[in-house]
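**Student:** I have a structure here, written as structure tokens, and I will follow up with some questions on it.
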Amino acid sequence: MPDELYEIIALAARYWFLLLMVIIAWRSYRWFAKDRKKFKRRLKLLPDAGYVGELVVVQGDEFVSRGTCLPVSREGVLGYLRSNDICLTAGGVANRHLWYSFDDTDGLLVEPLRGRMIVADGRELVGKKMRAYLSHGSTLVVGQAKMRLRMFSGFEYAGEVAAQRLPLDEADMLPEELADAPHNDPVRRMHEIAAWQTMTEDEAEEPAFYPPEMDDDDDADDYDPPMDDSGPDAYVTQDGSQTFYPPVLDDDEEILKREEYVGEDEAETMKRVVWDKLFRGGKKP
Amino acid sequence: MKPLHTRFRLVTLFLIGLLLLAGLYGVYSITVYGNRWFASSRNLRYREAKSEVIAGDIIDRNGVLLATTDAQGERVYQADKEARQSVVHLIGDRDGNVANGVDSFDASYLLGFETTLPERVLTLIKGEQRHGDDVTVTVDSKLNTVIVRAFNTHVRTKDKSGAAVVMNYKTGEIVGFVSVPVFDPANISDAVKADTRHPFWNRATQSTLPPGSTFKIITASSALENLEDIENRTFTCTGATQVMGSTITDFGNAQHGQLQLPKAFRVSCNNTFAQIALLLGDNALRRTAENFGFNDNFLFRDIVVENSTYPTENRTLIELAWSGDGQSQIAATPMHMCMVAAAIANNGVMMEPRLLSRVTSPEGLVRLRMTLKVYRRAVSEEIAEIIRGYMLDTVSRGTATAAQVDGLSIAGKTGSAESSLDGRDVTHAWFVGFIDDARYPYAVCVFVEEGTSGGGAAAPIAQAIFRYIQAYFPFQ
Amino acid sequence: MSRSSRFTKSLRGRPDRKLVSAIMLFFFSAFFLLAFKGELNWQGFMLAAVVPLLIYIATMWLPRFFPADKLLLSIANFLCALGVLVLYSTDLIKGTNYGMQQAVYYGAGILAMLFCILLVRYIRYWRVFIYIIAVCALGLMALPLAFGTEVYGATNWIVISGISLQPSEIVKLALLLVLSYYMSRRRFWPWLIFAVLCMGVLMFQADLGTALIYYMTTLLLYYASTGNLWMTGLGLLGGAGSAVYGYFKFAHVKRRIAVWRNPWMDFENTGYQIVQILMAIASGGLFGMGLGLGYPTIIPVYQTDAIFAVICEQFGIIFGVLVLCMYGILILRGAFIARNARRSFHGLLALGATIMLGLQTFVIIGGVLKLIPLTGVTMPFVSAGGTSMVSCMGLIGLLQGVATVNQDDLTYDYEVSHNRADEESLPFANPDT
């Protein structure tokens, strides 16, 4: 083809290619946006997506109040620093205290980091080599905080131990009509949590062990949780205990009034989680 | 996980911001600088295009053919050697030794890059070779010849380097554009290449040098703007004003005694203007200079002009004092000083310089017409009026009497700028001025390297220019 | 119903098909046009048929057999094919063979991508693996010190039986894995030591562009994982400090900066490349000079560093900005994947891959546009070069691996949560599964 003719065709083709490129870029973006929207919509169906359960503090100290619910993700680090996946500001908790990881078959693996000590289901674990698997209802003592693990619906049967486990202790405390209620029934949940707290009160006042001294870690911090200031303010609780989540009472009204969640994004997830569980049972409206 | 997600979002935003920055900068660069990069004489692209396209003609404002392409595709200039030498810096040469001549700067027109697709198809169908657009410039080539002749014949300017720019101050058109020494584009010998006077430089637009006393136009404007009742104030010129241990002297060690601003301007008293500068302060003077276009990044459509500078760092008093006299690291091109004079002539409005009068396609379609554009307002009308009065005075009985022409009202200002060249101390000669007549609205800047005296060396050339304009230019 | 309306009907609500069809049309017409340049090139016709077909296979069929993210795949394939197109057009001018070579490297890239996807998806217990990776990576980095050959001022290459490799590109992937593993475990020293060693070797080899990218990635990942502004700021200061130190100590850094500020000063030598690049881009203007036209081969190293200038010369700066948008969508998608990761390890890995791609793109395009000094990094997917292609496809593979892990998790959540309120398909970029 003579050069001049090719040049003319190529010059005309510039606009064609540019048009196609605009279409390509536009369609890519639309695909991305649509996909994201769809994903977000689906995510609303699974309000606790990403979290396998929560650790409910049944006995805390002046820094972490009773009734605090800490959401548990699939895996992560629990410790004092706000940068951790679970931030526990109780006394006796190290900067990074333990590593947890959820496994479908075995349950929630907990493994204290080097030199730390925890008590899981009554068993004392120290240091890196020892690990334990928790399941729904297991107790976990870290520092001065005593917690129970509550798995979200669907995960509660993870772990072989759970399979052999007797029906949960607190089932005795449940009123009869709730015995067959599904796990995500809001009233049942309320009763379970209350039951856990009552149970703990019956136990000995003294904690089972004295927590080791908080060791000076590689990133030396002072008392104030030193992380980003976008975290919930209520963790700074030296000046009087501001209840993060109000203590659970038998009264339905009190639960309905569970409005205030301190802190922004974290609170929002939690709100959605708890709200959905309480009032929608996780079902789509 | 939530704080983690917020941080993820921040990092993503940062990345997207970076890419956005790159994209915007790209588009900005191309729109603003694109033509200059393309037109750079180093660009091989249009050189290759020369083999395929017949380069268009360059024509001056009166229809004189300045450059055309012959049957072999070579660029051919005017037959008369003197004529083609005088426009060599305007047009450029075949090898691109002259930077940004019309031949290379407007290559996008001359080499047919702007031909539209239908035109190309038509040419292909007709089977002809492609022909670039013809460019008509605003310059009068005969005026250029007159200027070069004036440089060569006048005893004070013979064999000197320099430049001259003549502009229509109402429209911004450049009618005269000369840089000396010239050379013959048809015959570039090794001697020319080795000439230590650098004949390839376009001194009109590329040399930035201290304007000397011509800068007093700006100092005076600044004084009129900022100092109360400055016209009635009396200054004392002892011939040696002491500032910070250095002495301000006048040309020829003159002492002017008691004088006021009009007289100081007329006789170009360094002492007075140094004192005025000290009164003004650096900020005020700089602001006025920037109003006149100093420190601005010149991005004119038709022409590439080096930026003029007024220093911006903190300066000492002695430097400030000399700045009033246009020394001390102030630098401007002859092109810009012509624009300064044009601004005063045009009631304080500085027009953007225009070099392209018209661009026509081979079929006669007009692709580009000259449009007027205001570059900026330099001073208010009243102040321009006052300064015009001073400049008229300077020519009638001041330092610039050598520029007088019978029958024309000439305004002007001379300058002797001290500088250093190759390690020597030299004095350059400047003249800026204009014809104060609506029939001939032209402003001029003449610059003679090592000319010593503005009134002695530069003003006579301006006179020759004015005479030619009076004789040959049509009324406006 | 007629064929055309059947076609449009099959596209409705199927964004993947829409995009892929547009891409296929683009490359078909482009190669078809190029085939007519000069004499009739049969290679052009062949490519006009094969490239769109390959794109279709790679984007629509591959995800059926391997877990993958279709959107990322289609954008990556588009960019790779664009590289082949542009290189082929320069081949026609100069008679080189970069286009076909690039197609071969693309094959290698696909393999690398698949490898990375499977790596991320199926390995659960990384602890031991990370040690091995770290040690191997350091060894690989150090190889050029021993047997290296110098290319364009950086001793970053090794040549094995005629094939030249750039280990720092491969180590990029290892760096990401190591960083995300230790950061997700909230441990400080291991990754820091690894990163410092890598940077040290890079400095020694005078590969400043890659060093910059490594450094910024580490810094940004550190900020993302800990949010510790003080330390991040400290790191930034340290980086700036070492940059200033480098400026004063190394002559060629000074030269680069001087050339960046005013390339026309020394246009013959140091400034030659950037000046040619700028002139090429300016010649392209807004709409370009036309495919197959222009003089891109004048630019030194046009096939790797300055490929963006070649694109802008032929297609125009608007087209160039749109290509930049494609990279932007890649980044958005990567961020989306990182956000939906369930474990911090995967989240950080995805974010790290996104950061690397984004930074590399910015550094090279900024350098070409004279926004920042020109360095020796390549443009992801588009630049000629085997190691560049392999490493960028590897990064995309890591991203897709995380995406597939996300989908697995989501499926699992979905199944166990007893919420079968609606049976619609799962939210992911696989609308047909």
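Laboratory data are not the source of any read-out in this text; all were calculated from the coordinates shown. Everything numeric here is computed off the predicted structure, so don't read it as measured data. Positions of Cβ are generated from backbone atoms using ideal geometry, with glycine treated the same way; all protein chains shown enter the neighbour counts.
**Student:** For helix B:216-226, what angle does its Cα long axis make with the longest principal axis of chain B, in degrees from 0 to 90 and rounded to 10?
**Tutor:** Between the helix axis and the principal axis of chain B, the angle is about 70 degrees.
**Student:** Not counting the cut sites, what is the longest span of chain C without GluC sites (Glu not before Pro) that DSSP labels loop and that have at most 15 other Cβ atoms within 10 Å?
**Tutor:** Result for the longest clean stretch: C:40-267.
**Student:** Exposure proxy check: C:74, A:65, B:419 ranked by fewest other beta carbons within 10 Å?
**Tutor:** Least to most surrounded, the residues fall as B:419, A:65, C:74.
**Student:** For region B:1-115, just list the percent of Cα-Cα distances falling in each 10 Å bin from zero outward, please.
**Tutor:** In whole percents, the pair-distance histogram is 12, 32, 21, 11, 9, 8, 5, 2, 0.
**Student:** Let me ask something else about it. Two decimals is fine: what's Rg over Rh for region C:321-411, C-alpha atoms, Kirkwood radius as Rh?
**Tutor:** Rounded to two decimals, Rg over Rh is 1.03.
**Student:** Using only the Cα atoms of region A:1-119, each taken as one equal point scatterer with no solvent, compute I(q) by the Debye sum, divide by I(0), and report log10 of the ratio at q = 0.12, 0.14 Å⁻¹.
**Tutor:** -0.64, -0.76
**Student:** Based on the Cα coordinates of region B:101-250, what is the per residue volume of their convex hull in Å³?
**Tutor:** 247
**Student:** Using only C-alpha positions, report the orientation-averaged shadow area of the convex hull of region B:212-472, nm², one decimal.
**Tutor:** 15.2
**Student:** Give me log10 I(q)/I(0) at q = 0.07, 0.10, 0.14 Å⁻¹ for chain B, Debye formula, one equal scatterer per alpha-carbon, no solvent.
**Tutor:** -0.40, -0.75, -1.28
**Student:** With the dipole of region B:212-472 worked out from charges on the C-beta (+1 for Lys and Arg, -1 for Asp and Glu) around the Cα centre, which of B:305, B:294, B:241 lies farthest toward the positive end?
**Tutor:** My answer, from the dipole projection, is B:305.
**Student:** Right, another one. Can you tell me the 0 to 90 degree angle between the C-alpha axis of helix B:381-397 and the longest principal axis of chain B, rounded to 10?
**Tutor:** 70
**Student:** Using C-alpha positions alone, give me the convex hull volume of region C:14-414 per residue in cubic angstrom.
**Tutor:** 144
**Student:** Rounded to the nearest 500, what is the 222 nm mean residue ellipticity of chain B from helices alone, with -39500 (n - 2.57) per DSSP H run of 4+ residues and division by all residues?
**Tutor:** Value at 222 nm, helices only: -11500 deg cm²/dmol.
**Student:** Rounded to whole Hz and in sequence order, give me ³J(HN,Hα) for region B:111-121 from the Karplus expression 6.51 cos²θ - 1.76 cosθ + 1.60, θ = phi - 60°, writing x for Gly and Pro.
**Tutor:** Whole-Hz 3J(HN,Hα) from phi for region B:111-121: 9, x, 6, 9, 5, 7, 4, x, 5, 5, 4.
**Student:** Could you run the Karplus curve 6.51 cos²θ - 1.76 cosθ + 1.60 with θ = phi - 60° over region A:65-81 and give me ³J(HN,Hα) per residue in whole Hz, x for Gly and Pro?
**Tutor:** 8, 5, x, 5, 10, 10, x, 10, 7, 5, 7, x, 10, 10, x, 7, 5
**Student:** Using modelled backbone amide H atoms (1.01 Å from N, in-plane), which distant-in-sequence or interchain residues come within less than 5 Å of residue B:357's amide H?
**Tutor:** Residues meeting the criterion, in which the H sits 1.01 Å from N, are B:136, B:137, B:138.
**Student:** Let me ask another. Any idea what the relative contact order of region C:37-181 is, in percent, if you count C-alpha pairs under 8 Å spaced at least 6 apart?
**Tutor:** It comes to 13 percent, rounded to a whole number.
**Student:** Oh, and also: Could you give log10 I(q)/I(0) at q = 0.15, 0.21, 0.22 Å⁻¹ for region B:325-444, computed by the Debye formula over C-alpha point scatterers of equal weight, without solvent?
**Tutor:** Taking Cα atoms of region B:325-444 as identical point scatterers yields -0.79, -1.19, -1.25.
**Student:** Give a residue-ordered list of calculated ³J(HN,Hα) values for region A:139-147 (Karplus: 6.51 cos²θ - 1.76 cosθ + 1.60, θ = phi - 60°; whole Hz; x for Gly, Pro).
**Tutor:** Computed from phi, the couplings for region A:139-147 are 9, 9, 10, 10, x, 9, 9, 10, 10 Hz.
**Student:** For residue B:76, which sequence-distant residues (separation of 5 or more, or a different chain) have an amide H within less than 5 Å of its own amide H, given hydrogens modelled in the peptide plane?
**Tutor:** B:68, B:69, B:70
**Student:** How far is helix B:2-39 tilted, in degrees, relative to the longest principal axis of the Cα atoms in chain B, given as a value from 0 to 90 rounded to the nearest 10?
**Tutor:** Once rounded, one gets 90 degrees.
**Student:** Evaluate region C:151-253: find the radius of gyration of its Cα atoms, find its Kirkwood radius, and give the ratio Rg to Rh.
**Tutor:** Answer for region C:151-253: 1.01.
**Student:** Treat each spin label as a single point 7 Å out from the Cα along the C-beta direction, and report the residue B:425 to residue B:249 distance in nm.
**Tutor:** That separation, rounded to one decimal, is 0.7 nm.
**Student:** How large is the Kirkwood hydrodynamic radius of region B:8-66, in angstrom, based on all distinct alpha carbon pairs?
**Tutor:** After inverting the mean inverse Cα-Cα distance, the result is 15.5 Å.
**Student:** Please work out the Kirkwood hydrodynamic radius for region C:1-89, using every pair of different C-alpha atoms, and report it in angstroms with one decimal place.
**Tutor:** So the Kirkwood estimate lands at 14.0 Å.
**Student:** With the contact rule set at Cα under 8 Å and sequence spacing of 6 or more, what percent relative contact order holds for chain C?
**Tutor:** After rounding, I find 21 percent.
**Student:** For chain C, which longest stretch is free of loop sites, where a loop site is one of the trypsin sites (Lys or Arg not before Pro) that DSSP puts outside H, G, I, E and B and that has at most 12 other Cβ atoms within 10 Å?
**Tutor:** C:125-419
**Student:** Amide H to amide H, which residues 5 or more places from residue B:239 or on other chains are under 5 Å from it, using H placed in the peptide plane?
**Tutor:** Distant-sequence amide H within range of residue B:239: B:256, B:257.
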